[in-house]
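Read through the structure below, which is laid out as structure tokens, and then see the notes.
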Amino acid sequence: MPGLDSLLSASVDAVKKSGALENGALMATVTAVNSDGTVDCSRAEDDYPSVRVLSGYPSPAVGDRVELLRSAGGWVCVGKLMTSNAPRIQRGEATTPASGGTAGTWTEVTVTFPQPFAAKPTVTATPISAVSAGSTEINWSVASVSTTSFDLRCRRTTDSVTTFGYIATDF
């Protein structure tokens with residue numbers, strides 16, 4: 001009875017896709033990112049097509065491990081699961097050297113993160129050492145950011161060391 005087998009298979013498949021047999025949440029893998037803002041996901045042999053994505057998951061990618069929640073309107077993709085124990089935010093201090101007697105010359109120090117990031121972080125730095133009002137001009141920049149380090153550059157109108165506080169995050 002091939003007709004009955006096809007009907008039974010289609011019914012089982014429809015029940016699986018509806019989420020009626022699942023708990024309220026499951027983990028899946030993104031298999032496609034659709035142009036309408038949805039993703040297709042799979043789990044074992046089950047496919048979950050056109051799953052709506054929450055705004056907190058702005059850059060879905062094929063291969064991401066995600067959490068799906070069942071809602072009254074169907075499945076919703078909450079977002080990517082963290083698959084690494086790498087830190088997401090680190091902070092610290094770094095000191096650029098004096099310019100060696102030539103005020104106004106750029107100096108540089110390479111800062112190595114205590115633990116490597118899983119992805120290239122965004123780094124911000126701000127001077128925290130004394131800069132007297134009206135007598136010192138200071139310029140600084142962050143360059144060559146990688147998962148393990150960054151370069152901190154500084155130029156002052158006085159020949160002195162400068163201490164910076166930094167925050168690095170890969171959110």
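Can you give me the orientation-averaged projected area of the convex hull built on the Cα atoms of the range 89-169, in nm²?
Over all viewing directions, the range 89-169 projects a mean Cα-hull area of 4.9 nm².
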Sort Y48, Y57 so the one with the fewest other Cβ atoms within 10 Å of its own Cβ comes first. Y57, Y48
Within 10 Å of each residue's Cβ, count the other Cβ atoms and sort D64, D46 from fewest upward. D46, D64
Relative contact order, percent, of the range 89-169 when contacts are C-alpha pairs under 8 Å separated by at least 6 residues? 49
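Throughout, read-outs are computed from the coordinates displayed, never taken from laboratory work. Everything quoted here is computed from the prediction, not taken from an experiment. Because the Cβ atoms are built from the backbone with ideal geometry, glycine has one as well, and the counts that use them run over all protein chains shown.
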